[in-house]
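Only the coordinates and a few stated rules stand behind these numbers; no lab work does. For clarity, every value in this text was computed on a predicted model and none was experimentally measured. All Cβ positions, even for glycine, are placed from backbone atoms using ideal geometry, and neighbour counts span all protein chains on display.
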Amino acid sequence: MKAIISLGAWLFNWLEAVGRAGIFLVQSVCRLPVRFGESVNLLVKQLYSVGVLSLVIILVSGAFIGMVLSLQGYSILAKFGSEEAVGQLLALSLLRELSPVVTALLFAGRAGSSLTAEIGLMKATEQLSSYEMMGVDPLRRVIAPRFIAGVICLPLLSLIFSASGILGGQLVSVGWLGVYDGAFWSSMQQSVHFDTDIMNGVIKAVCFAVVVTWIAVYQGYECVPTSEGIGKATTRTVVLSSLAILALDFVLTAAMFGDF
Amino acid sequence: MVDAYIRVNDLSFFRGDRAIYENVSLTIPKGKITAVMGPSGTGKTTLLRLIAAQLVPNAGTIFVDGKNVHALSRSELYKVRKKMGMLFQSGALFTDMSVAENVAFPMEEHTKLSAKEIAAIVSDKLHSVGLRGAAKMMPAELSGGMARRVALARAIALDPELVMYDEPFTGQDPISKGVLVKLIRQLNDSANITSVLVSHDVKESLSIADHVCILAGGRVIAEGSAEEIRASADPQVRQFLNGEPDGPVPFHYPEDNDVDDIGDNDGPISVASKSNKDGAVQ
């Protein structure tokens, strides 16, 4: 009986938290900026810190994942004498699955955690209160540009990840393992479709972007403003985002590629 | 008695089950410096947040300039807040902006002044706190005292009618304290501002306050001019003013924890909607 009660209480709290986070998201995105020029400036600043500064980790990880995929794929495909198909394997697995998921995971660790910590520290040093006292809405000023920047950056980073992965894979399979260059590219060209493969990957990335950035800014805004509280909130951002990405990926994949 | 700028009527505020205030009433006269004093944790900062309507009381009303701040709509409230300046304990300067940008920020947000006019006002305000030379520095490069003076320049950027100071003297060296005392007095007199000062620094506060309220245990235990407070015979007031370790406020913390005079800096205050349980707005 007690277990049922505590389960109910837990569910209730969880629903309340989700509801609050939802209201928070709607409020921060729907409040229109007062001054357009300034909003653009704020957004550009965030695009830089969230997106451009994540480029290196995305490029390097993408290249390595492409290289590993080629090695693994080649060793199996070679048994069937179809090592040219490594191009197809590489492109499809990256575009459909690995790019959005791995990019989102890296993004949660690199950009999400720093967003949470930054906003949490702003709260701890009373900067958010200070905006309020000046009659400036902190949701509009602090949260909205960060959220929008995250949603713009992640899909782009995911595409960059794919490109970097394919080039890394080409380097290994063509340059090192000796797969014929023309066959590598043509098998890719034949099998990759723009709307089913590339677009589905982008849609996934957009969904992950919304979820990861939402979790990051909300955790920062709601954290207990002490050093311990900020630390916990940052950890929660990474853990919750990672779980959400993986679970959501299953749902999206089932919806997109599930009907055989 | 002069007009009251802020009138607090029968205010009660609870944090969880703990009463921070119970039926507190006080008035803050217009154009004067009012010092609200009391031991750490009597909810002095909470009072400022209640006045600014960042927190909502459980009972009672607060009128600022004739308006019940807790009954205002969001946009009306933001309008009232433009007439308030607040100096936070930590300064709360925006760390991603330079000193000059910090001071310019409220004007950029709320006025249609040109960049040139804003720059002139910024330089004027920074001059009045003696920091025009620091305009290009970043908040991280400032000493604690300088940061508080910049925050003061920012708080008065829109020429507010009310400036609230949250523990302005805490953690300041004697020279900075002296500078702040002088600045607060000067600003109050030259611009006819109403000032509310929350502090437990007895010497500095009594030296500039026109009107003093002493809070303890969720109640106002004394109210009057600085002279009246100094002459008070109330043992609790005497203990606070003279800093005696034992007296009506016991040295030993009660073991059943049944006190209501702890903690106003102990948790997530204001901004976030999370504290809605405590009655915060937003």
Query raised in the report: Taking only the alpha-carbon atoms of the range A:145-241, what semi-axes of the equivalent ellipsoid follow from 5 times the gyration tensor eigenvalues under a square root, in whole Å, largest first?
Result: 39, 16, 9
Query raised in the report: Which whole-angstrom value gives the distance between the alpha carbon centres of the range B:106-120 and the range B:53-91?
Result: 24
Query - Proximal lysines to B:LYS136, defined as alpha-carbon separation beneath 21 angstrom and excluding residues fewer than eight positions away on the same chain - result: A:LYS45, B:LYS116, B:LYS125
**Report entry** Calculated log₁₀ intensity ratio I(q)/I(0) where the Debye formula runs over C-alpha points of the range B:33-168, q = 0.11, 0.15, 0.16, 0.21 Å⁻¹
**Finding:** -0.44, -0.79, -0.88, -1.26
Requested in this report: Kindly identify the range B:29-101 as rounded, prolate or oblate by the Cα gyration tensor criterion: order the square roots of the eigenvalues as a ≥ b ≥ c, call it rounded if a/c is under 1.5, otherwise compare a/b with b/c, prolate if a/b is larger, else oblate.
Outcome: oblate
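So for chain B: antiparallel DSSP bridges make up what percent, rounded to the nearest 5?
55
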**Report entry** Lys/Arg +1, Asp/Glu -1 at C-beta; chain B dipole; positive extreme among B:ALA151, B:LEU55, B:HIS252
**Finding:** B:ALA151
Query - Percent of alpha-carbon pairs separated by more than 28 Å within the range A:34-257 - result: 38
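How big is D, in µm² s⁻¹, for chain B by Stokes-Einstein at 37 °C and 0.692 mPa s if Rh is the Kirkwood radius over C-alpha pairs?
So the translational diffusion coefficient is about 168 µm²/s.
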Query raised in the report: Of the residues B:MET146, B:MET84, B:MET97, which exhibits the maximal mean-square fluctuation in a Gaussian network model of chain B defined by a 10 Å Cα contact cut-off?
Result: B:MET97
Query - Computed over chain A: relative contact order in percent, which uses C-alpha pairs under 8 Å that are six or more apart - result: 32
Query raised in the report: Which whole-angstrom value gives the distance between the alpha carbon centres of the range B:196-240 and the range A:75-152?
Result: 53
Report task. Select from A:VAL217, A:SER162, A:VAL68 the residue farthest towards the positive end of the dipole of the protein assembly as shown; place +1 on Cβ of Lys and Arg, -1 on Cβ of Asp and Glu, and compute about the Cα centre. Result -> A:SER162
Query - Contact order normalised by residue count of chain B, Cα under 8 Å, 6+ apart, percent - result: 28
Query - Separation of the A:PHE250 and B:MET138 label points, Cα + 7 Å toward Cβ, nm - result: 4.4
Requested in this report: On each of the three principal axes of the Cα atoms of the protein assembly as shown, give max minus min coordinate, whole Å, ordered largest first.
Outcome: 101, 68, 40
Query raised in the report: With helices defined as uninterrupted DSSP H runs, which ones in chain B have an alpha carbon span along their own long axis of at least 15 Å and mean Kyte-Doolittle hydropathy of at least -1.0?
Result: B:99-110, B:115-128, B:144-155, B:174-191
Query raised in the report: How high is the relative contact order of the range B:150-239, in percent, with contacts defined as C-alpha pairs under 8 Å that are six or more residues apart?
Result: 23
Query raised in the report: Just A:LEU43, A:LEU53, A:LEU90 to compare: in a GNM of chain A, with alpha carbon springs under 10 Å, which one fluctuates most?
Result: A:LEU53
Query raised in the report: With springs only between Cα atoms under 10 Å, which of B:ILE184, B:ILE121, B:ILE156 fluctuates most in a Gaussian network model of chain B?
Result: B:ILE121
Report summary line: Taking only Cα atoms of the range B:118-232, the Rg to Rh ratio with Kirkwood Rh works out at 1.01
Query - Residues of the range B:42-65 with amide N under 19 Å of a point placed 7 Å along Cα→Cβ from A:THR226 - result: B:42-46
Query raised in the report: Which of the helices in chain A meet the span-like rule: DSSP H, Cα axial reach of 30 Å or more, Kyte-Doolittle mean at least -0.5?
Result: A:2-30, A:55-77, A:144-170, A:200-222, A:227-257
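Per residue and in Å³, how big is the convex hull formed by the alpha-carbon atoms of the range A:161-210?
That works out to 67 Å³ per residue.
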